[in-house]
Amino acid sequence: MRILALESSCDETAAAVVEDGRRVLSGVVATQIERHKIFGGVVPEIASRLHAESICAVTGEALEKAGLALCEVDAVAVTYAPGLIGALLVGVNYAKGLALGSGKPLVPVHHLRAHIAANYITHPDLEPPFLCLVVSGGNTLLVQVEDYTVFHVLGRTRDDAAGEALDKAARAMGLPYPGGVHLDEAAKGGDAHAFSFPHPSVEGAPLDFSFSGLKTAVLNRLHNAAQKGETIETADLAASFQSAVADALLRNTGAALQRTRAKKLVLAGGVSANSVLRERVGILAKRYGAQLYLPALSLCGDNAAMVGAQGYYEYLAGRRGDMSLNAAATMPIEENGR
Ligand code: KG4
């Protein structure tokens with residue numbers, strides 16, 4: 001079964017054609033990074049307009065690369081939540097038009113489920129159940145993936161997402177947008193023990209995360225240094241902060257592995273591209289005797305191939321959208337839109 005998939009939840013306009021949830025026939029990503037860089041972050045209104053400008057061309061290119069016409073695909077899948085509402089609406093409305101015009105079924109896909117599904121493309125042998133740490137720009141979750149469309153959240157952030165904390169810290173250090181990537185680069189060769197950061201935990205909820213205290217700590221450290229006229233070695237600060245974020249993510253993941261006795265551990269989301277996290281999660285998985293699955297670096301960030309992968313399993317589970325399908329800025333991963 002071939003699915004034409006669309007993604008427009010943030011600052012990438014993407015389209016892909018995916019066969020049977022695992023084989024990518026084509027994938028096109030038009031990134032808006034250069035246009036948002038001067039603002040130091042994504043400007044939602046600009047993001048929506050840029051999606052509207054490029055979605056036709058991106059979709060046409062994906063079909064062309066797959067060597068298919070719209071009438072030759074079996075369904076249209078689209079990210080409908082969570083994300084920037086105006087950005088999501090562009091993809092949802094365009095997908096509705098394609099589905100209505102071609103008579104193909106429309107399949108709504110949750111963005112974080114799609115991030116998890118990037119692993120089905122990277123690892124053709126991977127099947128649920130497994131434990132997944134989802135770390136993206138807007139979300140940090142520990143999820144028990146019972147089946148392709150059945151999810152139980154074990155832990156979530158109470159405030160900022162890990163990616164958000166990395167982006168804000170990077171910005172305060174004067175690094176360009178998107179911060180996480182540049183912070184990862186800047187930290188190379190830095191001393192991860194040069195600065196100490198708090199190890200925040202949530203009382204009574206050992207699998208929940210909190211990153212706002214860590215973020216404030218790094219901002220305070222920079223302000224104090226500026227007031228005293230001290231210079232701070234960016235590589236050392238970036239390495240120490242990145243290590244503190246990884247500590248928090250891995251401590252809870254270890255606790256979840258212990259609690260669930262999961263034999264498979266999966267990483268998903270934009271922050272799963274982080275070099276330190278990728279290295280250290282391998283050590284953690286080994287300690288708990290779990291098989292580790294990391295998404296290919298090319299599939300960590302937003303893309304439509306992962307939407308096509310999850311869209312396939314949503315389709316098999318009977319999930320359909322009609323012309324009343326709406327986008328949603330927030331939506332729990334467990335929700336099936338019923
Ligand atoms: O999953 P994603 O592409 O977007 C959302 O769906 O939210 O995640 C974007 C996040 C940003 O915070 C970005 O800075 C972060 O992923 N990121 C990284 C790295 N690459 C992307 N963070 C740390 N290290 C990286 N190498």
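The values are calculated or read from the model by the stated rules, or taken from the named source; none is laboratory data. Keep in mind that what you see is a predicted model, and the values were worked out from it rather than measured. A quick note on method: Cβ atoms are made from the backbone with ideal geometry, for glycine too, and the neighbour counts reach across all protein chains shown. Ligands, DNA and RNA are excluded from the accessible area calculation, which covers all protein heavy atoms including side chains. Shrake-Rupley method; radii C 1.70, N 1.55, O 1.52, S 1.80 Å.
Going through Val266, Val181 one at a time, which residue ends up being of a type in the set (Val, Ile, Thr), within 15 Å of the ligand (Cβ to nearest atom) and open to solvent by less than 20 Å² (accessible area, probe 1.4 Å)? Outline the logic, then answer.
Working: Val181 fails: open to solvent by less than 20 Å² (accessible area, probe 1.4 Å).
Sole residue among the options that is of a type in the set (Val, Ile, Thr), within 15 Å of the ligand (Cβ to nearest atom) and open to solvent by less than 20 Å² (accessible area, probe 1.4 Å): Val266.
Would you check if Gly137 is open to solvent by 30 Å² or more (accessible area, probe 1.4 Å), within 11 Å of the ligand (Cβ to nearest atom) and either assigned to a loop (DSSP other than H, G, I, E, B) or modelled with pLDDT under 95 (or both)? So Gly137 fits the description; yes. Taken over region 91-120, the residue count meeting the criterion of being within 16 Å of the ligand (Cβ to nearest atom) and open to solvent by 10 Å² or more (accessible area, probe 1.4 Å) is 1.
The residues in region 217-254 that are open to solvent by 10 Å² or more (accessible area, probe 1.4 Å), more than 16 Å from the ligand (Cβ to nearest atom) and over 22 Å from the mean Cα position of the chain (by Cα) can be counted, and the count is 16.
Please enumerate the residues belonging to region 121-134 that are more than 12 Å from the ligand (Cβ to nearest atom), of a type in the set (Val, Ile, Thr) and within 21 Å of Gly83 (Cβ to Cβ).
If we filter region 121-134 for residues that are more than 12 Å from the ligand (Cβ to nearest atom), which is where we start, we get 121-133.
Retained after the next criterion (residues that are of a type in the set (Val, Ile, Thr)): 121-122.
If the condition is that a residue be more than 12 Å from the ligand (Cβ to nearest atom), of a type in the set (Val, Ile, Thr) and within 21 Å of Gly83 (Cβ to Cβ), then Ile121 is the only one that fits.
Among the residues of region 278-291, is there at least one that is open to solvent by 10 Å² or more (accessible area, probe 1.4 Å), in contact with a strand residue (DSSP E or B) (Cβ under 8 Å, 6 or more places away or on another chain) and within 12 Å of the ligand (Cβ to nearest atom)? Checked against the condition, which is being open to solvent by 10 Å² or more (accessible area, probe 1.4 Å), in contact with a strand residue (DSSP E or B) (Cβ under 8 Å, 6 or more places away or on another chain) and within 12 Å of the ligand (Cβ to nearest atom), region 278-291 yields at least one hit.
Note on region 292-308: residues that are touching a Lys or Arg at 6+ places or on another chain (Cβ under 8 Å) and within 12 Å of the ligand (Cβ to nearest atom) amount to 0.
Are any residues in region 20-56 open to solvent by 40 Å² or more (accessible area, probe 1.4 Å) and among the polar types (S, T, N, Q), and if so, which ones? Residue satisfying the conditions is Thr31 alone.
At positive phi and either surrounded by fewer than 21 Cβ atoms within 10 Å (Cβ to Cβ) or not in a helix (DSSP H, G or I) (or both): which single residue out of Gly213, Gly204, Gly190 fits that description?
On inspection, the qualifying residue turns out to be Gly204.
Within region 77-87, one or more residues are assigned to a strand (DSSP E or B), open to solvent by less than 30 Å² (accessible area, probe 1.4 Å), within 16 Å of the ligand (Cβ to nearest atom) and within 18 Å of Val24 (Cβ to Cβ).
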